[in-house]
1. Identify the residue in the stretch 9-28 that is more than 18 Å from Glu182 (Cα to Cα) and in contact (Cβ under 8 Å) with a residue 60 or more places away in the chain and, among all such residues, is least open to solvent (accessible area, probe 1.4 Å).
2. Restricting attention to the stretch 183-194, does a residue exist that is out of contact with any Gly (no Cβ under 9 Å at 6 or more places or on another chain), within 16 Å of ligand 2 (Cβ to nearest atom) and closer than 19 Å to Asp55 by Cα?
3. Out of all the residues in the stretch 187-214, which are buried (at least 16 other Cβ atoms within 10 Å of the Cβ) and hydroxyl-bearing (Ser, Thr, Tyr)?
4. Which of the strands (runs of 3 or more DSSP E) contained wholly in the stretch 1-62 include at least 1 residues that are touching a helix residue (DSSP H, G or I) at 6+ places or on another chain (Cβ under 9 Å)?
5. Kindly indicate whether Thr243 is open to solvent by less than 90 Å² (accessible area, probe 1.4 Å) and free of Cβ contacts under 8 Å to residues at least 24 places away in the same chain.
6. Output yes when any residue across the stretch 91-112 is under 25 Å from Val206 (Cα atoms) and open to solvent by less than 40 Å² (accessible area, probe 1.4 Å), and no when none is.
7. Filter the stretch 78-93 down to the residues that are assigned to a strand (DSSP E or B) and of a type in the set (A, V, I, L, M), then identify the one that is farthest from Pro122 (Cα to Cα).
8. Considering each residue of the stretch 52-94, count those that are more than 18 Å from Asp18 (Cα to Cα) and either in contact with a Cys (Cβ under 9 Å, 6 or more places away or on another chain) or modelled with pLDDT under 95 (or both), and give that number.
Amino acid sequence: MLNGNMKLAIQKKGRLTDKSLQLLRNCGLDIEDYSERLIISSRNFELDILFLRDDDIPEYVQDGVADIGIVGEDVIQEKKAKVELVRKLGYGRCNLALAIPENKNITKLSELNGQRIATSFPNLLNNFLQKNNINATAVEISGSVEIAPSLGVADLICDLVSTGNTLKMNKLKKSFDVFSSEAVLIATPNLSNDPVKQETLQNLLVRIDSALNAKSSKYLMMNAPRKALEEIERILPSLKSPTIVPLADENMVAVHAVIPSDKFWAIHKQLMDAGASGILLLPIENMIV
Ligand code: ATP
Ligand code: MG
């Protein structure tokens, strides 16, 4: 721990662990399988990775014990940590939402007045209540919040929801959204005082941005009649003009383009109708734009 490496804190075991390690590997960092270790060093980048409970990450980064960290935005806001938000990372998306027993109905926010709401996020909940002028009581519970209504401890809950399956299992249904969250990269406020670490962070950010760009894009290749080129270029949602490669058959060309990952199924039929064939969609590992 006493080397001068930059220290990155990530969740030891939980919903963000695998995706955070995957992101770092997509950044080209050589990270050994960490199994149960508390700290590991990357073999090819001046970075040490600390594995912590996610609740502890905001404070450790605020105090500079770790220089940077990856954690849910929900946890940072809840802990009111003074850290710099450096990048949104696009995974770990979830909503902190109010949920009510299936047999109840709440259609207006004002109906929350006088209710007891069980949550592990009292600060975020109270901000929401205050902003909406609601007088309700936050009942703080550290885990298994969803059973609070059936135990009679609270009338409704405020908890993280992604698919809603856990709610269903506990005969609850989602009501109002309180906060939407995703994993973010944070930095300690004084990092700019350390030019070496500042440079390491910039180097890491180039790699992170490249990995995030690559994830949101795909490489599309197809063959097409030369005379259909104009139509195909019109259909393609690529930011930059596509690459056109001549083929042995001079009436045909190959078209290569980088497109947003989620657009392919919206355009594949139009491309085929325009005459495209041999369509290939490939993942991109890294992309510097
Ligand atoms: P730890 O043991 O590290 O304290 P935890 O149990 O508090 O872990 P997890 O359940 O692993 O935390 O969730 C970590 C983060 O994952 C949350 O803070 C949130 O940002 C994100 N997340 C994404 N989807 C969900 C979900 N459906 N439920 C809960 N958290 C989610
Ligand atoms: Mg936690």
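1. Just the residues of the stretch 9-28 that are more than 18 Å from Glu182 (Cα to Cα), to begin with: 25-28.
Okay, now just the ones that are also in contact (Cβ under 8 Å) with a residue 60 or more places away in the chain, so 26-28.
On the way: Asn26: 52, Cys27: 7, Gly28: 39 Å².
Out of the qualifying residues, it is Cys27.
2. At the first step, the residues of the stretch 183-194 found to be out of contact with any Gly (no Cβ under 9 Å at 6 or more places or on another chain) are 192-194.
If we keep only those that are within 16 Å of ligand 2 (Cβ to nearest atom) too, we end up with none.
No: zero hits.
3. Passing the criteria: Thr188, Thr200, Ser210.
4. Details: elements: 6-11, 39-41, 47-52.
The strands (runs of 3 or more DSSP E) meeting that bar are 6-11, 47-52.
5. Details: open to solvent by less than 90 Å² (accessible area, probe 1.4 Å): yes; free of Cβ contacts under 8 Å to residues at least 24 places away in the same chain: yes.
Yes; evaluated as a whole, the condition is true for this residue.
6. Just the residues of the stretch 91-112 that are under 25 Å from Val206 (Cα atoms), to begin with: 91-93.
Remaining after also requiring open to solvent by less than 40 Å² (accessible area, probe 1.4 Å): 91-92.
Looking for residues that are under 25 Å from Val206 (Cα atoms) and open to solvent by less than 40 Å² (accessible area, probe 1.4 Å), one finds at least one in the stretch 91-112, hence yes.
7. Taking the stretch 78-93 first, the residues assigned to a strand (DSSP E or B) are 84-88.
Retained after the next criterion (residues that are of a type in the set (A, V, I, L, M)): 85-86.
Working: Leu85: 22, Val86: 25 Å.
Once the filter is applied, the top-ranked residue is Val86.
8. Total meeting the criteria: 1.
The values are calculated or read from the model by the stated rules, or taken from the named source; none is laboratory data. Given the structure is predicted, the values throughout are model-derived calculations rather than measurements. All Cβ positions, even for glycine, are placed from backbone atoms using ideal geometry, and neighbour counts span all protein chains on display. These area figures cover heavy atoms from the full protein model, side chains too; ligands, DNA and RNA do not enter into them. Shrake-Rupley method; radii C 1.70, N 1.55, O 1.52, S 1.80 Å.
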